[in-house]
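First up is the structure itself, then whatever we jot down about it.
Values in this text are rule-based calculations from the coordinates and carry no lab data. Bear in mind that the values here come from a model prediction, so they are computed numbers and not experimental data. Backbone-built Cβ (ideal geometry, glycine too); neighbour counts: all protein chains shown.
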Amino acid sequence: MKDILIDGHRLLTTDEIAEAVIGYAKLLHAAEGTDVVDFPTVHDGELSRCSLLLSGHVSVAVVDAGEVLSPSLPGADIALAEIERRAAVLR
């Protein structure tokens with residue numbers, strides 16, 4: 001599991017989603033674009049859904065969470081495919 005760190009908040013999600021989000025954020029920054037991505041997270045120990053605004057004005061970091069949870073979250077495959085699809089459009 002990895003954490004996406006943004007504006008002092010920690011978003012715990014799968015490694016694949018975290019890497020896709022940071023990669024997409026990089027592409028959006030270069031294109032001076034913005035977008036909202038949705039993906040599953042774990043918040044306060046509970047499964048949750050996150051809608052995250054990505055723009056060139058917000059710093060995003062991805063770090064190893066150091067937590068071991070189920071390697072997949074419900075809906076993670078669908079969210080990952082959508083983030084990767086959007087990134088591919090910008091490449």
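What to note about this one:
- Between residue 46 and residue 15, the simple label model (points 7 Å from Cα in the Cβ direction) yields a spacing of 2.9 nm.
- Listed values (i) 18, 55, 25, 3; (ii) 16, 35, 27, 15, 7, 1; (iii) 15, 48, 25, 8, 3, 0, entry calculated as P(r) over Cα pairs in 10 Å bins from 0, in percent: (i)
- Net charge over other residues, Cβ less than 14 angstrom from the Cβ of residue 72 (K, R count +1; D, E count -1): -2
- Charge tally in the Cβ shell below 11 Å around residue 16, where Lys, Arg are +1 and Asp, Glu are -1, residue 16 excluded: -3
- For the chain, the longest principal axis of the alpha carbon atoms and the long axis of helix 76-90 meet at an angle near 10°.
- Principal-axis tilt of helix 15-30 within the chain, Cα atoms, nearest 10 degrees: 20 degrees
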